[in-house]
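Comments concern the structure below.
The values are calculated or read from the model by the stated rules, or taken from the named source; none is laboratory data. Fair warning: this is a prediction, and the values are worked out from it, not measured in the lab. All Cβ positions, glycine included, derive from the backbone under ideal geometry; neighbour counts span all protein chains shown. Keep in mind that these areas ignore ligands, DNA and RNA; they rest on the heavy atoms of the full protein, side chains included. Shrake-Rupley method; radii C 1.70, N 1.55, O 1.52, S 1.80 Å.
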Amino acid sequence: MFMPVSKTLPPPERIHAPRQQRGRQRQDALIRAGLHLTSTRHWDDVKVADIAAEIGCSIGTFYTRFHTKAAYFEVLVDLVTQAMQEASSAFFAAPERALETEHEFLHRWVALGLQSFTRHRGLYATAIIELRRKSAEEALQSPLLRFRENSRAQFLHAMARWPHWQGDEAREQLLFAFQILQGVLINAVLTNPGPLYLQDPALQVHLTAVLARYLGVQQQATSSMRRKA
């Protein structure tokens with residue numbers, strides 16, 4: 001499943017705003033093409049000709065909708081991070097969060113991270129590299145950085161449901177747990193060194209085990225078993 005195209009137009013410095021519905025449909029189709037291609041390919045390997053060919057249009061048509069390939073890239077990054085934030089917010093707001101054990105929460109939180117990083121890996125890898133090239137001031141405007149900060153805050157808030165995860169010392173430990181997960185996932189996106197890869201189900205199991213051991217979280221009876229008792 002690919003990321004949905006936003007209902008709002010990207011900023012004018014990135015696109016040629018379509019005047020007719022047909023133009024908007026062509027623009028959306030080009031965006032979907034880029035999202036499709038970057039689900040399996042690195043951004044540097046995706047050419048404008050590939051994007052145009054994906055929907056059966058000319059290279060010239062691409063440039064009637066987007067100023068440059070770089071501007072098109074920024075549109076894709078905005079959409080992907082927006083979709084990732086929506087998925088993250090839905091996860092943390094889900095009713096089952098109030099019923100699960102700490103270990104269940106960690107396991108599902110890791111799954112969310114893996115899903116977010118695996119989808120459009122090629123686009124995400126380039127966005128990370130580009131973020132490192134930006135000045136500190138420019139980086140603050142990055143949707144990727146805002147998403148990371150929001151995700152960190154959501155994780156801290158979710159863990160604070162359990163009283164022993166409240167307070168400054170607990171917060172520092174949780175922040176490092178977040179850093180561990182982000183570090184592993186970013187490294188996997190950039191180099192995918194193995195032996196466990198992003199697409200391996202075992203990676204979720206092992207990451208959960210590492211974080212649970214670091215945080216001292218024991219695997220208890222599942223929430224469904226407790227409800228039956």
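Numbers below:
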quantity	calculated
Matching residues in the range 79-107 - criterion: being farther than 14 Å from ARG161 by Cβ and not hydrophobic (A, V, I, L, M, F, W, C)	THR81, GLN82, GLN85, GLU86, SER88, SER89, HIS107
Qualifying helices (runs of 4 or more DSSP H) (wholly inside the range 47-148; at least 1 residues being free of Cβ contacts under 8 Å to residues at least 40 places away in the same chain and loosely packed, with under 14 Cβ neighbours inside 10 Å)	48-55, 59-65, 69-93, 121-133, 136-139
Complete set of residues in the range 26-62 that are within 23 Å of the chain's Cα centre (by Cα) and among the small types (Gly, Ala, Ser)	ALA29, ALA33, GLY34, SER39
Per-region count, the range 206-229, residues modelled with pLDDT of 95 or more, of a type in the set (Val, Ile, Thr) and either out of contact with any Leu (no Cβ under 7 Å at 6 or more places or on another chain) or not in a loop (DSSP other than H, G, I, E, B) (or both)	2
Failed criterion for GLN182 (all others in (1) touching a helix residue (DSSP H, G or I) at 6+ places or on another chain (Cβ under 6 Å); (2) open to solvent by less than 50 Å² (accessible area, probe 1.4 Å) hold)	(1)
Condition met for ALA160 (touching a helix residue (DSSP H, G or I) at 6+ places or on another chain (Cβ under 9 Å) and open to solvent by less than 30 Å² (accessible area, probe 1.4 Å))	no
